[in-house]
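Novice: Have a look at the structure that comes next, please.
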Amino acid sequence: MTFYHEEAKNIPVAAETEVLVAGGGPAGVGAAIAAARSGAKVMLIEKSGYPGGVATAGMMAVWSGAEECPLMNEIMDRTTRHASLPPECNPGLSAHWLRWTVPHECQKQVLLEMLQEAGVTMQFHTLAVAVIKEGNKVKGVITESKSGREAIMAQVVIDATGDGDIAAFAGAEYLLGREEDGVCQPATLMFRVGGVDYSRAVFPRAFGSFIELPKGEIQALGRKHLPFPAGHVLLYRNRLPGEVTVNMTNTIGINGTDVRDLTRAEINCRQQMDKIVQFLREFVPGYEKCYLSASAETVGIRETRHFKGVLTLTADDILKSTVFEDWIATRNWFNFDIHNTKGPGLDHNGEENSIPPTGAYSIPYRACIPEKLDGLLLSGRNISGTHKAHASYRVMGSCLNIGVGVGTAAAVAVQNNCELRDVDIRKVQKILLDGGTVV
Ligand SMILES: Cc1cc2nc3c(=O)[nH]c(=O)nc-3n(C[C@H](O)[C@H](O)[C@H](O)COP(=O)(O)OP(=O)(O)OC[C@H]3O[C@@H](n4cnc5c(N)ncnc54)[C@H](O)[C@@H]3O)c2cc1C
């Protein structure tokens, strides 16, 4: 590789804030709202033009993971009441689907309104590209946007970029993907089809959803007729009339922190989409007249960096339903959703429906503190956890739940003018309990 030497130059300090949240996905939204409601001056930067991350830009199907998180319930209540939803939904939608399914456009609006009401300063179309550090302490980030290269200074930075970009720029230690070989879970570009007849349609929503159809069993038909490495059939009910959210494109061997891999994933998945629509029309009842109605803004990345935190969450902690003394997010629950890294379906380490709902676990504050850095907290899927543990807490509800805890801790640190690792965790927990968190 050859190099070009870029000259150093002065850049404007565009803003100074108490808490800077980088990334406006579930983890960033949770952190920003919680920190602002706890009294901190908060700024949120996001590379897209709206909040929600994978929920909205990634066109996700359903919120899973921490159904008792008070903020998540507030979001769902507001979503249900929102004017942008169609007056009539698809017939047969259960209360569960009405509550947790993601109406993508509506939730962009809801999250934006809630951030505004909390008093969060938002700046979209802004990519964090470097970190400002003094010794081991993070003091701010450098951004790139249409306004050029700028600096934003902060007392606390929260890394909610999903990939942990800020922590990586700051030199935090991490492993990419699986511990043994660095392989990450496959990537998927979500899309929706319209024109589905809900009175006859089927909705296989797990790899183990085996459904006999007139032309054969649905997952076997998928393996036979879909373009490899696609091959599983995952279809989710949606609130928009005749629309179904499709989780069926698949790209393996992707490093989501490499722009060339990301480009390859976008192209591969887009090439699979038309074939998936044709497959649905030909084989799946109710989908005979379906068409591609919308695709996600960006390919969905399931897994990238796992940072070394003060504590690293393990699958064992999850299986034991550990309630850590320094919990900042409680009642998280999800199976180990590890997709096959070599093709369609589930990995041999993945498990579906294997953890009983009582097996809810907590997230320790220590897993949100990078081991050797000050001034920076991790939030969402980029906290410190093993490949297997991550496969459970990576779901949106848990990421939002983690964000609430991390945002609250950031506000307490600012108010007490202390280092993040010295925060009085009892104070943080009291605020969370007063806000309706149940341990
Ligand atoms: C295909 C797929 C299917 C899934 N299915 C489900 C499901 O059914 N249910 C469920 O609950 N979860 C599901 N998940 C998991 C879940 O969606 C994600 O793990 C979760 O959204 C992670 O939340 P986050 O806030 O940590 O990161 P993200 O949602 O990825 O948000 C990160 C945000 O940061 C922004 N960003 C990134 N880098 C920068 C930067 N350098 N500067 C500024 N902004 C930046 C991004 O634009 C994004 O908005 C799925 C994930 C995928 C990919």
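The values are calculated or read from the model by the stated rules, or taken from the named source; none is laboratory data. Just so we're clear, the structure is a prediction, and the values are computed from it rather than from any experiment. Please note: Cβ atoms are built from the backbone with ideal geometry, for glycine as well, and neighbour counts cover all protein chains shown.
Novice: Please work out if Gln185 is modelled with pLDDT of 95 or more, within 30 Å of Glu371 (Cα to Cα), touching a His at 6+ places or on another chain (Cβ under 8 Å) and of a type in the set (S, T, N, Q). I'd like the intermediate steps shown before the answer.
Specialist: Details: modelled with pLDDT of 95 or more: yes; within 30 Å of Glu371 (Cα to Cα): yes; touching a His at 6+ places or on another chain (Cβ under 8 Å): yes; of a type in the set (S, T, N, Q): yes.
Yes, satisfied.
Novice: Scan region 320-331 and tell me whether some residue there is within 24 Å of Ala55 (Cα to Cα), out of contact with any Cys (no Cβ under 8 Å at 6 or more places or on another chain), at pLDDT 95 or above and within 16 Å of the ligand (Cβ to nearest atom).
Specialist: At the first step, the residues of region 320-331 found to be within 24 Å of Ala55 (Cα to Cα) are 328-331.
If we keep only those that are out of contact with any Cys (no Cβ under 8 Å at 6 or more places or on another chain) as well, we get 330.
Pick out the ones that are also at pLDDT 95 or above and you get 330.
If we keep only those that are within 16 Å of the ligand (Cβ to nearest atom) as well, we get none.
Among the residues of region 320-331, not one is within 24 Å of Ala55 (Cα to Cα), out of contact with any Cys (no Cβ under 8 Å at 6 or more places or on another chain), at pLDDT 95 or above and within 16 Å of the ligand (Cβ to nearest atom), which makes the answer no.
Novice: Here's a follow-up. What do you reckon, is Leu112 within 30 Å of Gly436 (Cβ to Cβ), assigned by TED's automatic domain parsing to the domain that holds Gly407, at pLDDT 95 or above and surrounded by 21 or more Cβ atoms within 10 Å (Cβ to Cβ)? Outline the logic, then answer.
Specialist: Working: within 30 Å of Gly436 (Cβ to Cβ): yes; assigned by TED's automatic domain parsing to the domain that holds Gly407: yes; at pLDDT 95 or above: yes; surrounded by 21 or more Cβ atoms within 10 Å (Cβ to Cβ): no.
Taking the combined requirement at face value, the residue does not satisfy it.
Novice: Kindly evaluate Thr257 against the criterion of being assigned to a loop (DSSP other than H, G, I, E, B), over 20 Å from Ala55 (Cβ atoms) and either of a type outside the set (Ser, Thr, Tyr) or under 18 Å from the mean Cα position of the chain (by Cα) (or both).
Specialist: Working: assigned to a loop (DSSP other than H, G, I, E, B): yes; over 20 Å from Ala55 (Cβ atoms): yes; either of a type outside the set (Ser, Thr, Tyr) or under 18 Å from the mean Cα position of the chain (by Cα) (or both): yes.
Yes, satisfied.
Novice: For region 139-180, what are the residues that are in contact with a Phe, Trp or Tyr (Cβ under 7 Å, 6 or more places away or on another chain) and among the small types (Gly, Ala, Ser)?
Specialist: Gly164, Ala167, Ala168, Ala172
Here is a yes/no grid of residues against (1) more than 10 Å from the ligand (Cβ to nearest atom); (2) more than 25 Å from Val157 (Cβ to Cβ):
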| site | (1), (2) |
| --- | --- |
| Met43 | yes, no |
| Ala55 | no, no |
| Glu67 | yes, yes |
| Leu71 | yes, no |
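Novice: Which of (1) more than 18 Å from Ile33 (Cβ to Cβ); (2) of a type outside the set (A, V, I, L, M, F, W, C); (3) under 22 Å from the mean Cα position of the chain (by Cα) does Ser398 not meet, given it meets every other one?
Specialist: (1) is the only condition that Ser398 fails.
Novice: Out of the residues in region 124-162 meeting the condition of being more than 17 Å from Val19 (Cα to Cα) and of a type in the set (Lys, Arg), tell me which one is surrounded by the fewest Cβ atoms within 10 Å (Cβ to Cβ).
Specialist: This residue is Lys146.
Novice: Could you say whether any residue in region 345-365 is within 13 Å of the ligand (Cβ to nearest atom), under 15 Å from the mean Cα position of the chain (by Cα) and closer than 23 Å to Pro70 by Cβ?
Specialist: Taking every residue of region 345-365 in turn, none turns out to be within 13 Å of the ligand (Cβ to nearest atom), under 15 Å from the mean Cα position of the chain (by Cα) and closer than 23 Å to Pro70 by Cβ.
Novice: If a residue has to be in contact with a Pro (Cβ under 8 Å, 6 or more places away or on another chain) and more than 9 Å from the ligand (Cβ to nearest atom) to count, how many in region 378-401 make the cut?
Specialist: If we filter region 378-401 for residues that are in contact with a Pro (Cβ under 8 Å, 6 or more places away or on another chain), which is where we start, we get 378, 380, 384, 396-397, 399-400.
Of the ones still in play, those that are also more than 9 Å from the ligand (Cβ to nearest atom) are 378, 384.
Number of matching residues: 2.
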